[in-house]
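Quick notes on the structure that follows.
The values are calculated or read from the model by the stated rules, or taken from the named source; none is laboratory data. Not measured: the values here are computed from a predicted model. Backbone-built Cβ (ideal geometry, glycine too); neighbour counts: all protein chains shown. To get the accessible areas, we keep the full protein, side chains included, count just its heavy atoms, and leave off ligands, DNA and RNA. Shrake-Rupley method; radii C 1.70, N 1.55, O 1.52, S 1.80 Å.
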Amino acid sequence: MSKKMHANQVIMTEGVIWKQLLAFSLPLLVGNLFQQLYNTVDSVVVGNFIGSDALAAVGSSNSLINLIIGMFMGIGTGAGVIISQYYGAEEKQKLHWAVHTTMALSIIGGFLLIALGVLLSPLILVLMGTPESVMPGAVAYLRIFFCGSLFNLVYNMGSGVLRAVGDSRRPLIFLCISSVVNIVLDLLFVVVFHMGTAGVGYATVAAQGVSAFLIVRALVRTDDSYRLELSKIKIDRRMMARVLKIGIPSGIQQSIISLSNVIVQANVNSFGAAAMAGYGSYSKIDGFAMLPLQSFCMAATTFTGQNIGAKKSRRVKQGVFQGLIISMIYTIFISIILYLNAERILRVFSPDQDVIAYGYSSMLILLPFYWTMAIHQILMGSIRGSGRTMVTMLIGVGNMCILRMIYINFLVPFFPSFEAVMWCYPITWLTTMGMDCIYSWKAKWIPKGKEEQIGEKSQ
């Protein structure tokens, strides 16, 4: 390949596919583990040093945070697809404008999120049915968290650029550094200075600021074609149109699915603070378990994007198959580990037996269906890498939002229990996976490669 490669980059258009997928996924996985770790430390510190109500406040905020940030994260996904395709095709000028337009969008989005988060957090928490005892801490945490939205988006957009060109290692290093900063400040603000849930929020914002600075510095200092020049950060209208065309469906998918999770959270809230804390604790464990699948999904997106850009359709098909094998092996392993150690792990978050019981109930219902998410993540990541984000949006929204809401609003009232609410997840996971499989098998979503084009010309 003629493009200059950074030492941390993985060439996705040639070589042994399963090794490339793992080489690209492992830094993503470790980085995501660190991110999940400092989110979990928030919960552990709050649950053990402040109390169950504070743990419920932080836990119930996660679905709302994902809802508001989801749209902008989807736009970042769209930008990553475009950048990976331009990089695979070696179109340097288009790559240059894609990078600078992406960063401009992240800055605009960051300031917009600050305004929306600070203004709307109390109202949305009320609409979610958040108990009065939890409300003050939840409002304080959310408002402080959203004040760091600019840092959050700049880091995520910037790391998306690096991942799109095959570099998943430097985002890992930066995330590890910010995770350590977050953990140290968590302990300092909460345990030493007794700042409560607000202290957790301040620690998170400071850590995000560190990661944003490091990612921008890396993009500015590189000599490769994706180099960021601060003076050239601006919106290119044609490039923005393409980024939004691919990114908005992904953003809508993430936001609407997060909206459905907000509604699920509202149903969980009706069972009291113990249910909120137990479900929140299990959500942290679930977050760890799903991280490798999310990493494989990102690897599949970058792999597909670069190989479609290089017109290597046969490698795309081989990548899907090998990605499915890798993800299924992992999922079977982690499901067994979590099942055998469920109560022991939940006790880390809270000694309260009621909290543990709710978390254990959630785990027993969801664990047997993790394999469906293994298949979904690989197929979704691959289809998204081809630019068909509208398809992944329709499948995701139709099943994980619309179907989930039908179940919650029309079936759960006949079986009003915490367990009935939890069943909304495996049911919609199954239907989503089924539609992913049908589309992947029947639709022509992989463009013809060089080999096929040569074969047609010779006929």
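Conditions first: (1) at pLDDT below 80; (2) surrounded by fewer than 22 Cβ atoms within 10 Å (Cβ to Cβ); (3) of a type in the set (D, E). D42 passes all but one, so which condition is the exception?
Every listed condition holds for D42 apart from (2).
Taking L113 as the residue in question, decide whether it is in the same structural domain as A198 (by the TED database), more than 28 Å from S386 (Cβ to Cβ), surrounded by 15 or more Cβ atoms within 10 Å (Cβ to Cβ) and not small (G, A, S).
yes
Is at least one residue of region 182-200 within 30 Å of V397 (Cβ to Cβ) and open to solvent by 50 Å² or more (accessible area, probe 1.4 Å)? Don't jump to the end; show me each part of the working.
First, pick out the residues of region 182-200 that are within 30 Å of V397 (Cβ to Cβ): none.
Within region 182-200 (the criterion being within 30 Å of V397 (Cβ to Cβ) and open to solvent by 50 Å² or more (accessible area, probe 1.4 Å)), the answer is no, since none of the residues qualifies.
Could you tell me whether region 275-296 includes any residue that is at pLDDT 90 or above, within 15 Å of G385 (Cβ to Cβ) and touching a Gly at 6+ places or on another chain (Cβ under 7 Å)?
So far as region 275-296 goes, yes, one or more of its residues are at pLDDT 90 or above, within 15 Å of G385 (Cβ to Cβ) and touching a Gly at 6+ places or on another chain (Cβ under 7 Å).
Could you check region 310-327 and list, in sequence order, the residues that are surrounded by fewer than 23 Cβ atoms within 10 Å (Cβ to Cβ) and of a type outside the set (D, E, K, R)?
Matches in region 310-327: A310, S313, Q318, V320, F321, Q322, L324, I325, I326.
May I ask you to say which residue of S255, S260 is open to solvent by less than 10 Å² (accessible area, probe 1.4 Å), at pLDDT below 80 and closer than 20 Å to M393 by Cα?
The conditions single out S260.
Applying the selection to region 209-227, what residues are closer than 14 Å to S106 by Cα and in contact with a Ser or Thr (Cβ under 8 Å, 6 or more places away or on another chain)?
Scanning region 209-227 gives a single hit, I215.
Just to verify a result, which residue in region 377-391, among those that are open to solvent by less than 10 Å² (accessible area, probe 1.4 Å) and not aliphatic (A, V, I, L, M), is nearest to T302 (Cα to Cα)?
Checking each candidate, the answer is G385.
Can you go through V99, V139 and tell me which one is open to solvent by less than 30 Å² (accessible area, probe 1.4 Å), under 30 Å from I383 (Cβ atoms) and β-branched (V, I, T)?
Numbers: V139 fails: under 30 Å from I383 (Cβ atoms).
Exactly one of V99, V139 is open to solvent by less than 30 Å² (accessible area, probe 1.4 Å), under 30 Å from I383 (Cβ atoms) and β-branched (V, I, T), namely V99.
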